[in-house]
1. Can you put 94, 105 in order of Cβ neighbours within 10 angstrom, beginning with the fewest?
2. Over the C-alpha atoms of the stretch 59-109, what are the Rg and the largest Cα-to-Cα span, Dmax, in Å?
């Protein structure tokens, strides 16, 4: 991996609960970090849900490893206003240099 391949700017977000004033809470996404990444499509498939076909596309987003930021599957990534659900985060070669983030495009689940 070369640093010059990181040409796409992505936003890592975390879900936050805020009181709604009626004893419950509302969920909102908060920006945690903006980083540069390389984005590669991995696969695409169609699923049948509730009698309708639904497309799913997965991607691999590679960024520089950040020891100060623990990226988890409870977070999501925004790229060009498109949400991506984080499915796994891999410390490539366990070298603390690159993070491969496996994502699925779509709304949060």
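1. Fewest-to-most ranking of 94, 105: 94, 105.
2. In Å, with Rg to one decimal and Dmax whole: 10.9, 32.
No value in this document is a laboratory result; all are computed from the given coordinates. These figures come from a predicted structure and were not determined experimentally. Virtual Cβ from ideal backbone geometry, glycine too; neighbours counted across all protein chains shown.
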